[in-house]
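Peer 1: Once you've had a glance at the structure underneath, I'll fire off some questions.
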Amino acid sequence: MGQPVAHRPPGSFRHFGKAMLNKYARAFFTRVLTPFAALLIRLGVSPDAVTLVGTGGVVAGALVFYPQGEFFWGTVTITLFVFSDLVDGNMARQLGRSSRFGAFLDSTLDRVADGAIFGGLALWYAGGGDDQVLCAVAIFCLASGQVVSYTKARGEAIGLPVNVNGLVERAERLVISLVACGFSGLHKFGVPHIDILLPIALWIVAVGSFVTLVQRVVTVRREAAEADGRTEPAVRGGETR
């Protein structure tokens, strides 16, 4: 594993945890988890290892429960493992060290977690859910989420700021989907008609992700044109000298 990471990137799975926990709850859990984080440090466990375990829990929760239609317990499991991101951040702050590899690992495992969540939903609709349209929508949510993340990473890799706040970015995709999954799971506890929330949420995420993708592509095109416009006169000047 790389060195512990003191600051995780804005797109990390930790931000889903922040969306679920308000300011005061985060402060409370930080105090509660600090001794546990300190214990892990004394045992020689790295924040990267905690990140791996947390992602493994999310993947297990999504791919074990969701394909069986157990949306409530799947969402509970995923939510519990969100706390691992609070733990690894706490550990990194206590260690006071940062690592490029840690940031890379965190972002990479975020993509794995996203894929597992929407993949689990697609498996349900391909099987027991018996709805090919919603299966396709879940697959689109999976693919579009990966592409939306890629557009920003690729734009930044070629030196562009990609300065745009998309309509439905990663935090929104996860919160909308998981909240809807959790509530839809109450259908098995006798709550009538609440399972309609999940199809609605998937359509919202699909449309929102498509709009966000278009926003980012348009932004990168504009920023690239501006950057090319600034460099072209210098190049032409060099050719004439």
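Peer 1: For labels at V32 and R222 in the simple 7 Å Cα→Cβ model, what's the distance in nm?
Peer 2: With each label placed 7 Å out from Cα toward Cβ, I get 4.4 nm.
Peer 1: Next question, about the same structure. Largest first, what is the accessible-area ranking of K188, K152 with a 1.4 Å probe?
Peer 2: Working: K188 120, K152 65 Å².
Result, largest first: K188, K152.
Peer 1: Next question, about the same structure. Leaving ligands, DNA and RNA out of it, work out the accessible area of F183 with a 1.4 Å probe and give it in Å² to the nearest 10.
Peer 2: So the heavy atoms of F183 present about 100 Å² to solvent.
Peer 1: Karplus couplings for the range 129-137 from phi (6.51 cos²θ - 1.76 cosθ + 1.60, θ = phi - 60°), rounded to Hz, Gly and Pro as x?
Peer 2: x, 6, 9, 5, 5, 5, 4, 5, 5
Peer 1: Report D for the range 123-165 in µm² per second (integer): Stokes-Einstein, Kirkwood Rh on Cα pairs, 37 °C, 0.692 mPa s. Mind dumping the intermediate values first?
Peer 2: Numbers: Rh = 12.1 Å.
Here the translational diffusion coefficient equals 272 µm²/s.
Peer 1: Using a Debye calculation, one point per C-alpha and no hydration shell, please list log10 I(q)/I(0) for the range 34-104 at q = 0.19, 0.24 Å⁻¹ in order.
Peer 2: After summing over all Cα pairs, the log10 values are -0.74, -0.96.
Peer 1: With all protein chains present, calculate the accessible area of E169 using a 1.4 Å probe and round the result to the nearest 10 Å².
Peer 2: 50
Peer 1: Related question: Can you run the Rg to Rh ratio on the range 64-150? Use alpha carbon positions and the Kirkwood inverse-distance Rh. Walk me through the numbers on the way to the answer.
Peer 2: Values: Rg = 15.9 Å, Rh = 14.6 Å.
Checking Rg against Rh, the ratio lands at 1.09.
Peer 1: Let me ask something else. Per residue of the range 148-161, in order, report the coupling 6.51 cos²θ - 1.76 cosθ + 1.60 (Karplus, θ = phi - 60°) as ³J(HN,Hα) in whole Hz, putting x for Gly and Pro.
Peer 2: Once θ is set to phi - 60°, the couplings for the range 148-161 become 4, 5, 5, 4, 5, 4, 5, x, 5, 5, 9, x, 9, x Hz.
Peer 1: May I pose another question? Can you send over the solvent-accessible area of R173, 1.4 Å probe, protein chains only, in Å² to the nearest 10?
Peer 2: 10
The values are calculated or read from the model by the stated rules, or taken from the named source; none is laboratory data. All figures in this text were calculated on a predicted structure; none of them were measured in a lab. Cβ atoms come from the backbone with ideal geometry, glycine included; neighbour counts cover every protein chain shown. Just the protein is used for accessible areas: all its heavy atoms, side chains included, with ligands, DNA and RNA removed. Shrake-Rupley method; radii C 1.70, N 1.55, O 1.52, S 1.80 Å.
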